[in-house]
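The values are calculated or read from the model by the stated rules, or taken from the named source; none is laboratory data. Not measured: the values here are computed from a predicted model. Here Cβ is always computed from backbone atoms with ideal geometry, including for glycine, and neighbour counts include all displayed protein chains. Just the protein is used for accessible areas: all its heavy atoms, side chains included, with ligands, DNA and RNA removed. Shrake-Rupley method; radii C 1.70, N 1.55, O 1.52, S 1.80 Å.
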Amino acid sequence: MADSNSVSRADILLGRLSLERRAARVLGTVEARVAHMRTETRHAVQALFSGREDEFTRTFGDDYLRSLKMTARFADAPRVEDIERFARHWRPLVPPEPEVRAAVIQAMNARYGVSPGTAPLSFESMGYGDPAVGEAYQRLFGAALDAAALPGREEPTAAAVTEDGDLENQALRDAEAALDWLSVPAGTVLMREGDQPDYLYFVISGRLRVAAGYGREQRVIADLGRGELVGEIGVLTGEPRTANVTAMRDSEVVRLPQAEVLRMAHQSPQMLLRVNHILAQRLRVELSPRHRTGSSQLTLAVVGLSPGVPVRELAARLVEELAALGPVAHVSRDRAEGEFPRLRTADPSQDGELLAWLSEQEARHQFVVFEADREPGQWTDLCIRQADRIALVADESSGPALTPAEERVAALNGSARRELVILRPSTEAHPNDTRRWLGTRQVAAHHNVVLAERAHVARFARRLVGQAIGLVLGGGGVRGYAHIGAWRAFEEAGIAVDTIGGTSVGAIVAAGIATDRDAEAMERLGRTFAEGGITDLTLPMVSFFQTRKLTSLLRKHTENLRIEDLWRPFFCISTSLTRAEPVVHSEGPLWRAARASSAIPGLFAPVTGANGDLLVDGGIMNNVPVDSMRAACERGPVIAINLSPQVEHSDDYRLGPSVSGWRILWSRLNPLVKPIQAPSIFTTLLRTTEAGSIHRMRTGQVLGMADLLINPPMEKSGLLDFRNYDGLVKVGYEATKAALDQWLAENPELKQRLGVKPA
Amino acid sequence: MATIVSVHSFRGGTGKSNTCANLAVLMARRGRRVGVVDADIQSPGIHVLFGLRGDDITVSLNDYLWGRASITDTARKVYSAEGGGEVYLIPASMKTNEIVQVLRQGYDIRRLTEAFRELTETLSLDAMLIDTHPGLNEETLFSLAISTAVVMVLRPDQQDYEGTGVAVEVARSLEVPRLLLVVNKAPSTLDARALKERLEGTFHCTVAAVLPHSDEMMTLGSADVFANKYPNDPITRALDGVVEMLLAETDTGPDGTA
């Protein structure tokens, strides 16, 4: 041992050579972990006090890559006090064998000159004091394991003042030292409503849910991820906690005690300003109609429901498509075993080093995709536990019955969002049995996907991470032909619409698009409707128009498809007259939903819903359902087309307080009398249908929830002017094209997210 | 205690395994009971000289090192001499996955000491020969450290000279009691006596034999043990001389207790 470059008989016979090698590796892992934690806490402090919160998510990755490039060392070489400070956290990285522990103690002492006196926690973590380790040390190094064998060495701490230039401020340094690192298992409650405030928390990795209310009535306020702050209000004001905060999955946080926060608030006005800024920003975001609760950073698990499902291929394709949205890591058992070969025989969830590595993956990537094994087992369990969202993948070979994999998911991670993926063999025909799969399952969404179709996988990827591109088509009677022109503008711009919804005529056009029609097919379809005589009058017992033609056209052109079988998700809104509430149609026959959504009261006969309710036009409740789309898209861009101006063009109506149809007819026939200008009963009925929800949209800011709202100029066209088909299509096309061009020009970063191919 | 001899070379291709097998057979001819361990677990091969194919090895040293078999189960008799001498081979696995497993998981070579003790007891062995992995890795160093003698095989080649210098130095630091050099594949044009003197002067250890290059040996191509096929060849006699040296100081006869 005296000369580390020679070898002695004792080295070989006692196996010291290999033990030293292992100890060096363990020490390297500990250093990497400590360096990671130190970098993270330092960035947390900077984010809190120097306003670099926005940069937090990428700082670690940048530092890490830079240090690898420059020096192959960590940006922050661990210092003795860091190793000691995080001793409890690197403890799981030290193997249990007494011989290895003895060798690690020896190596740590040799490298850092620490002794049990100067670094008691570190020595405890290495097994100092365990008689078995003492014996092993005696056997290996021929000396008793005590303070005398481990001389401390006073070393100038590598504080590197120059490197820590922006940490010179003593307040920041103190804060860093006072930060406490916590690993919290899934389900841990960090704070409860009504508790006295004790700490301010900062999320390093994982997911925290903020919710208020009691028991089952908990309302989710936010899901917090990496780089976000929680608990600052209570700590500063001393008021009891206003919400519950729970770890949704295994998470890592740093916390700062209240006393420390207050002390620093006195010392550093900058910090108070910073917290004020965060609060103001948060308030602004929460008040904004575009407020999004979902986190942009997600861990995803791909879990097969039966052994034959190509989980590996789907995971790989998912990773490819997510790369367009942000940095993504693919974690499979092969990859993990490549990093840590011992996992072949050990339980991965017990492996501290693996978990530390996973948390670094999460720190460095926006998305981490966990690929489960084909069979249930320890690796699959780990994937399930680590995930915010779980894609349960079935193919047509797997039965609709609940599988053991799903039972594991329910048992291990009930809070993760579950989505069902049904892999289909080809796009030749729409599926017709999705209902069978959904019947027994509680899933937040489902995806019909053909693996060979890139567009399908891309859509699945965007929807899974809550970045789907949603298109909402509003009601507006015959003006709905403008939606058909708008669709051509989308096609030309190359924007992949992932999910589509609408109300009234918007629902009819959306149904056509949802069945995978391109612009040309939509234009043909629109003409069929325009010339189909759907407004033929009938004896007005139930309605003015014959409903038969509209119904048969809808049935014919939706091929009797059911909504849940569509490749492209669809929804529409109708109004239940029975219950006086809006109805969101997201399953069942497509024609029936579209027919209900567009049943303008008085003009078209109502439809009876599955539960017997009387359903009429959704325009009464929600004429441009941006809010429903926002719920399905979370953070994704939502584009809405509104055909109902807030102020309708009014003809120069001149009609007295009492007017009869006979008088109007007479005034029009008699050339000597000035004709009475009066709105038609149809116009009045349609505008009546919309008026309530237009008013609500204005006050409730429904339209404001859209990222892009397009208002084609409709004032000049009548609500039931069926002859002006080409003109309406043109207006819709031109307005949409102009709006999309301007939007993409103003937000060039959107192009990649929207799947727009570079021109 | 039995004689433990490591047959080693710093570089590959010196004829190490061949030499080891011949020494074993010649010891058996002198009535000794000999064990041969193929400790070259990453590139095994000595079984071929005893007429075994990889597929014939059903239980191997690998099984013992990973606790799947007792060491006695792995030993098989591969040679019997008229005077009662026998050679037992403990082969290493030729299965690809088991060799790869060595690279992945490693093994505790220290289990070999226990194995030797058990083998010498149950098979009443007089000598153990270890066919080592060329070069210096921890397993090889361990074999050297537990040996009573090391036979270092080299060719008359500058690379081998330099490498052997390192191996000899390490063997000395491991306090190996006896160190013998065997020069193999010497061209007939080389003056054997002058070479022996030069090497002994350089390395300060005995050159036990200088074996000439042999067409018969090459033709045999490891299909058999040379000493078995050509008992009266000068090479066989020279190797027998090495055996004599190895046995000389450590025991007195087949039943000797040294």
query = What is the Rg over Rh value, at two decimals, for region B:3-248, using alpha-carbon atoms and the Kirkwood definition of Rh?
reply = 0.94
inquiry  = Bin width 5 Å, origin at 0, all Cα-Cα pairs of region B:121-258: what percent of pairs per bin?
reply    = 2, 8, 17, 20, 20, 17, 11, 3, 1, 0
query = What is the projected area of the convex hull of the Cα atoms of region B:49-89, averaged over all directions, in nm²?
reply = 3.3
message = Within region B:3-248, what whole-number % of the accessible surface is contributed by carbon and sulfur, with the 1.4 Å probe and all protein chains included in the calculation?
response = 48
inquiry  = Using each residue's phi in region A:130-135, evaluate 6.51 cos²θ - 1.76 cosθ + 1.60 at θ = phi - 60° and report the 3J(HN,Hα) Karplus result to the nearest Hz, with x for Gly and Pro.
reply    = 7, x, 5, 5, x, 4
query = For chain B, what number of Lys pairs, 8 or more residues apart or on separate chains, have alpha-carbon atoms under 27 Å from each other?
reply = 9
note = Per residue, accessible area of the protein assembly as shown with a 1.4 Å probe, heavy atoms of protein chains only, in Å², comes to 44
request  = Would you mind getting me the FRET efficiency between B:ARG237 and A:ARG21? Use the beta-carbon distance for r and R0 = 45 Å, nearest 0.05.
outcome  = 0.50
message = Heavy atoms of the protein only, probe of 1.4 Å, neighbouring chains included. What is the accessible area of B:LEU190 in Å², nearest 10?
response = 70
key: Pair A:THR427, A:ALA265: separation of 7 Å Cα→Cβ label points (nm)   = 5.7
key: Ratio of Rg to Rh over the protein assembly as shown (Cα coordinates, Kirkwood Rh, two decimals)   = 1.16
query = What order do you get for B:52-62, A:430-440, A:464-474 when each peptide is scored by the mean count of other beta carbon atoms within 10 Å, highest first?
reply = A:464-474, B:52-62, A:430-440
Region B:3-248 - percent relative contact order, Cα under 8 Å, separation 6 or more = 28
request  = Calculate how many DSSP beta bridges within region B:3-248 are antiparallel, expressed in % of all such bridges and rounded to the nearest 5.
outcome  = 10
query = How large is ³J(HN,Hα), in whole Hz, for each residue of region A:592-605 in order, when computed from phi with the Karplus curve 6.51 cos²θ - 1.76 cosθ + 1.60 and θ = phi - 60°, using x for Gly and Pro?
reply = 5, 5, 5, 5, 5, 4, 10, 7, 4, x, x, 8, 10, 5
request  = Give the calculated FRET efficiency between B:GLU216 and B:ALA248 to the nearest 0.05, with a Förster radius of 35 Å applied to their Cβ-Cβ distance.
outcome  = 0.80
task = Counting only DSSP beta bridges with both residues in the protein assembly as shown, tell me the antiparallel percent, nearest 5.
result = 35
Dipole magnitude of region A:250-403 about its Cα centre (Cβ charges: Lys, Arg +1; Asp, Glu -1), debye to nearest 20 = 900
Estimated buried accessible area (total), pair A and B, 1.4 Å, Å² to nearest 100 = 1100
request  = Using the Karplus curve 6.51 cos²θ - 1.76 cosθ + 1.60 with θ = phi - 60°, work out ³J(HN,Hα) for each residue of region B:167-179 in order, rounded to whole Hz, and write x for Gly and Pro.
outcome  = 4, 5, 4, 5, 4, 5, 5, 8, 6, 5, x, 10, 10
ask   = Of all the Cα-Cα pairs you can form in region B:4-95, what percent are over 16 Å apart?
value = 53
request  = List the residues whose amide H sits under 5 Å from the amide H of B:ARG155, counting only those 5 or more places along or on another chain, with H placed 1.01 Å from N in the peptide plane.
outcome  = B:ASN184
ask   = Cα-based Rg (one decimal) and Dmax (whole number) for region A:320-442, in Å?
value = 16.1, 49
inquiry  = Under 5 Å between amide hydrogens, which residues at least 5 positions from B:ILE4 or on another chain qualify, with H placed 1.01 Å from N in the peptide plane?
reply    = B:MET128, B:THR148, B:ALA149
query = Can you list residues whose amide H is under 5 Å from A:GLU228's amide H, if they're 5+ apart or on another chain and H is modeled 1.01 Å from N?
reply = A:VAL203
note = Distance in Å, no decimals, from the C-alpha centre of region A:559-579 to the one of region B:192-221 is 92
Dipole magnitude of region A:314-461 about its Cα centre (Cβ charges: Lys, Arg +1; Asp, Glu -1), debye to nearest 20 = 400
task = Quick one: order A:SER628, A:SER398 from most to least accessible surface, probe 1.4 Å.
result = A:SER628, A:SER398
ask   = How high is the FRET efficiency from B:GLN105 to A:ARG91, r the C-beta distance, R0 22 Å, rounded to 0.05?
value = 0.35
inquiry  = Using the crude model of +1 on Lys and Arg Cβ and -1 on Asp and Glu Cβ, and no other charge, please compute the dipole size for region B:3-248 relative to its Cα centre, in debye to 20.
reply    = 140
inquiry  = Test of the criteria: in region A:363-468, which GluC sites (Glu not before Pro) are in a DSSP loop and have at most 16 other Cβ atoms within 10 angstrom of their Cβ?
reply    = A:GLU396, A:GLU428, A:GLU453
